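Note sheet for the following structure.
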């Protein structure tokens with residue numbers, strides 16, 4: 001089996017790890033994610049992972065609780081570290097070698113982000129998890145995914161979500177929402193489609209990195225995405 005994309009950045013929201021319970025980490029979801037990643041790892045795909053922190057703390061929501069935006073964003077970045085370690089643990093339980101690289105130095109917990117070292121890990125068959133965002137407030141983990149994909153020269157960003165692609169409006173609220181099979185970066189920006197922020201879209205456009213948005217809850221979808229099957233929506 002020859003994958004269409006040899007090196008990917010997989011972007012997962014923190015909320016996706018939560019499941020339906022109150023626990024921020026569902027053991028079942030973590031195990032399923034690890035097994036899906038192992039499956040594509042075994043066919044030779046080099047995998048980078050960027051995970052959000054919304055299941056623990058989201059910077060923007062902190063404003064409503066009286067938390068300063070900059071402080072809230074740093075809290076959110078630290079939440080991504082917790083999520084990254086949880087995914088690392090699940091992957092190692094499946095026998096996969098993993099390295100966690102952080103944009104905020106914390107040598108007791110993870111390696112500092114060094115792009116050449118990250119690429120070397122990928123070449124040695126390790127999965128690399130990028131945590132702590134870009135290390136700066138006011139930048140989302142979507143932007144982190146775009147930045148890291150550009151730095152490691154990834155072939156594609158796979159954005160795993162709870163819906164099966166990009167729609168012209170929220171399909172959870174509008175029954176007549178229309179799904180796009182494919183869309184250009186410019187159209188996605190002009191239509192203000194709330195899948196990735198404009199900074200992330202612009203960076204992918206400038207560096208010609210396609211984005212595949214798909215439903216991560218359907219078993220086997222990550223494999224289908226790296227094989228280049230027509231699932232979800234492709235932004236290119």
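Return the single residue from 20, 89, 207 with maximal mean-square fluctuation; model: Gaussian network over the chain, springs between Cα atoms under 10 Å.
Ranking 20, 89, 207 by mean-square fluctuation puts 20 first.
Nearest 5 is fine: what % of DSSP beta bridges in the chain come out antiparallel, could you say? Please list the in-between numbers first.
On the way: 5 of 34 bridges.
Around 15 percent of the beta bridges assigned by DSSP in the chain are antiparallel ones.
Between residue 116 and residue 202, what is 0.36 nm times their sequence separation minus the Cα-Cα distance? Round to one decimal in nm. Mind showing how you got there, number by number?
Numbers: separation 86, 0.36 × 86 = 30.96 nm, distance 2.40 nm.
Length gained, residue 116 through residue 202: 28.6 nm.
Considering the convex hull of the alpha carbon atoms of the range 7-235, report its projected area averaged over all viewing directions, in nm², one decimal. Can you show the working numbers first?
Details: hull surface 49.1 nm².
About 12.3 nm², averaged over all directions.
Among 166, 186, which comes first, then next, by fewest other beta-carbon atoms within 10 Å? Don't skip to the end; give the middle numbers.
Values: 166 27, 186 11.
Ordered from fewest to most neighbouring Cβ atoms within 10 Å, 166, 186 come out as 186, 166.
Over what distance in Å are the Cα centres of the range 61-118 and the range 161-189 separated?
29
Treat the count of other C-beta atoms within 10 Å as a stand-in for reagent exposure and order 2, 102 from fewest to most. Display every interim value, and only then the final one.
On the way: 2 8, 102 23.
The most exposed by this proxy come first: 2, 102.
Over the range 1-119, one equal point on each Cα, no solvent: what is log10 I(q)/I(0) by the Debye formula at q = 0.16 Å⁻¹?
-0.83
What relative contact order, as a whole-number percentage, does the chain give when Cα pairs under 8 Å and 6 or more residues apart are counted? Please report the intermediate quantities before stating the final value.
Working: 468 pairs, mean separation 52.7, N = 236.
Relative contact order for the chain comes out at 22 percent.
Find the all-direction average of the projected area of the Cα convex hull for the range 70-116, expressing the result in square nanometres with one decimal place. Spell out each step's value before the answer.
Numbers: hull surface 15.0 nm².
Reported value for the Cα convex hull: 3.8 nm².
How much length, in nm to one decimal, is gained on full extension between residue 35 and residue 191, taken as 0.36 nm per residue of separation minus their Cα-Cα distance? Working shown, then result.
On the way: separation 156, 0.36 × 156 = 56.16 nm, distance 3.58 nm.
So the chain would gain 52.6 nm between residue 35 and residue 191.
I want to make sure I understand the PRE zone here: with the label point 7 angstrom from the Cα of residue 107 toward its beta carbon, which residues in the range 132-164 have backbone N atoms less than 18 Å away?
None, by backbone N distance to the label point.
Could you put 213, 67 in order, starting from the residue whose Cβ has the fewest other Cβ atoms within 10 Å?
On the way: 213 26, 67 17.
Lowest count first: 67, 213.
Residues of the range 211-233 with the amide nitrogen closer than 16 Å to a label point 7 Å from the Cα of residue 177, along Cα-to-Cβ, please.
Correct set: 213-218, 232-233.
Every number in this text was worked out from the coordinates using simple rules, so none of it is lab data. Not measured: the values here are computed from a predicted model. Counting neighbours? That spans all protein chains shown, and the Cβs are built from the backbone with ideal geometry, glycine included.
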